[in-house]
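Worksheet for the structure shown next.
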Amino acid sequence: MGEPAFTAPWHAQLFALTVHLSEAGHFSWSDWTQTFGAALKRNGLAKELDGGDDYFAAWLEALEAILHGIADGAKIAALTDQWRQAYLDTTHGEPVRLPGG
Amino acid sequence: MPHDHAHDPDHAHAVLPSEPALRVKALETLLTEKGLVDPAALDEIIDSYQDKIGPKNGAKVIARAWTDPAFKAALLADGTAAVSEMGFYGRQGEHVTVVENTPEVHNMVVCTLCSCYPWPLLGIPPAWYKSDAYRARAVREPRAVLAEFGVTLLPTQKVRVWDSTAEMRYLVLPMRPEGTEGMSAAELAPLVSRDAMVGTGIARGPKP
């Protein structure tokens, strides 16, 4: 009791993104569990996953896999770079935005 | 004067999130630009699971089953219908089966594939439920896992392990603790822990 539902904001964001996209009909939840289960298995080969960051890293990998054809990996990588740069360029305390965003 | 950005407020930038956190932001940006994601809908989903939906819901169901024999019969016959009637339905609550602990059988729930879980009743699963260790060992050596959770079974009790899927989720109906005769459902609900409803705990009586 009293434990937070999500231990990091990005876990929550990733969870919500997945639920939202499934409800919008981009993939069924059953397909999601298969894809996610496979990602957990792959990631669990090298080390035992503890259900925290590593679990959500597998989740992210699965979401990108199931969105193959909708969200291009190269575009995601480019936007990741832009977000990183935006954080580095933003003074602490100011809202972080993408240039032109 | 030493060159020290860390203490120069003009140079302090926003705290850089982790790589996966940045990648999730990137994914959200891309999908929002494509018109596939509504950021307000994401906030709504997060709020629900952070603040509104959690094991208190399941505890109300269990406490009612302990005090209302007709409801208990309905719950065991058709879990989905009985919990829906109490307002607990929606995502990942479409197919709920309730399994009853007795002096003969102790039930515990796992998802060996990923982490299927009855969200409307229990909220988001804890990290241990999602860990490789629990997912593998719950099936292989349930008694050892239960011992680690501090659960000692009666010598007469067998263990049944239920493997959740996207199609079927399970809720354990724990045994009503001794010393709770005459208590109302509202008084009983706080005695029902999340772990008791997953089967990695038992419901404990009120502290004397």
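The values are calculated or read from the model by the stated rules, or taken from the named source; none is laboratory data. Given the structure is predicted, the values throughout are model-derived calculations rather than measurements. Cβ coordinates were reconstructed from backbone atoms using ideal geometry, including for glycine residues, and neighbour counts include every protein chain displayed. Only protein heavy atoms, including side chains, enter the accessible area calculation; ligands, DNA and RNA are left aside. Shrake-Rupley method; radii C 1.70, N 1.55, O 1.52, S 1.80 Å.
Simple rule: put +1 on each Lys or Arg Cβ and -1 on each Asp or Glu Cβ in region B:70-208, find the dipole, and look at B:Ala74, B:Ala185, B:Tyr134; the Cα lying farthest toward the positive end is B:Tyr134.
Taking 4.7 Å between beta carbons as the limit, the unpaired Cys residues of chain B are B:Cys114.
A 1.4 Å probe run over the protein chains yields, for chain B, 49 Å² of accessible area per residue, whole-number rounding.
Rounded to the nearest 10 degrees, the inclination of helix B:55-67 to the longest alpha-carbon principal axis of chain B is 10 degrees.
Counting protein heavy atoms only, the protein assembly as shown has 55 percent of its accessible area on carbon and sulfur, 1.4 angstrom probe. In percent, rounded to a whole number, the relative contact order of chain B is 24, using alpha-carbon pairs under 8 Å and six or more apart.
The trypsin sites (Lys or Arg not before Pro) of region A:1-78 meeting both criteria, a DSSP state outside H, G, I, E and B (loop) and at most 13 other C-beta atoms within 10 angstrom of the site's C-beta, are A:Lys47. For B:Val98, nonlocal amide neighbours, meaning residues 5 or more places apart or on other chains whose placed amide H falls under 5 Å from its own, are B:Gly79, B:Leu171. Inter-chain neighbour count for A:79-89: the average number of beta-carbon atoms from partner chains within 10 Å of each residue's beta-carbon is 5.
Think of it as helices only: each DSSP H run of n ≥ 4 in chain B is worth -39500 (n - 2.57), and spread over all residues that comes to -11000 deg cm²/dmol at 222 nm.
Restricting the calculation to alpha carbons of region A:2-90 gives Rg and Dmax of 14.3, 41 angstrom. For a test of the definition: using alpha carbon positions, the gyration tensor, and the 1.5 limit on a/c, classify region B:3-118 as rounded, prolate or oblate. Verdict is prolate for region B:3-118. The gain in end-to-end length when the A:Ala65 to A:Arg42 segment is fully stretched comes to 7.0 nm, 0.36 nm per residue minus the alpha carbon separation.
Is the shape of the protein assembly as shown best called rounded, prolate or oblate, per the rule: a/c under 1.5 gives rounded, else a/b larger than b/c gives prolate, else oblate, with a ≥ b ≥ c the square roots of the Cα gyration tensor eigenvalues? Verdict is prolate for the protein assembly as shown. Close amide H partners of B:Ile124, meaning residues 5 or more places away or on another chain with modelled amide H under 5 Å apart, do not exist here. For region B:14-112, the dipole from Cβ point charges (+1 on Lys and Arg, -1 on Asp and Glu) about the Cα centre works out to 140 debye, to the nearest 20.
In this structure, the residue pairs whose Cα-Cα separation is over 21 Å, taken from B:Lys52/B:Lys72; A:Lys41/B:Lys25; A:Lys75/B:Lys34; B:Lys158/B:Lys207, are B:Lys52/B:Lys72; A:Lys41/B:Lys25; B:Lys158/B:Lys207. Rg and Dmax, both from the Cα atoms of region B:59-208 and both in Å, are 14.6, 42.
Springs between Cα atoms under 10 Å define the GNM used for chain B, and in it the highest mean-square fluctuation of B:His13, B:His106, B:His95 occurs at B:His13. Placing +1 on the Cβ of every Lys and Arg and -1 on the Cβ of every Asp and Glu, with no other charges, gives chain B a dipole of roughly 880 debye about its Cα centre. Look at the dipole of region A:28-89 built from charges on Cβ: of A:Ala57, A:Leu40, A:Ala86, the Cα furthest out on the positive end belongs to A:Leu40. Using a 1.4 Å probe and counting only protein heavy atoms, how much accessible surface gets buried when B and A come together, both sides summed, in Å² to the nearest 100? About 4800 Å² of accessible surface is lost on pairing.
Centre-to-centre separation between the Cα atoms of region B:172-208 and those of region B:75-115: 17 Å. A Gaussian network model of chain B, with springs between Cα atoms under 10 Å, assigns the largest mean-square fluctuation among B:Gly179, B:Gly35, B:Gly150 to B:Gly35. Largest GNM mean-square fluctuation across B:Val172, B:Val110, B:Val24, computed for chain B with C-alpha springs under 10 Å, falls on B:Val24. Dipole size of the protein assembly as shown about its Cα centre, with +1 on Lys/Arg Cβ and -1 on Asp/Glu Cβ: approximately 1080 debye, rounded to the nearest 20. Partner shielding of B:30-37 amounts to 5, given as the average count of beta-carbon atoms from other chains within 10 Å of each residue beta-carbon.
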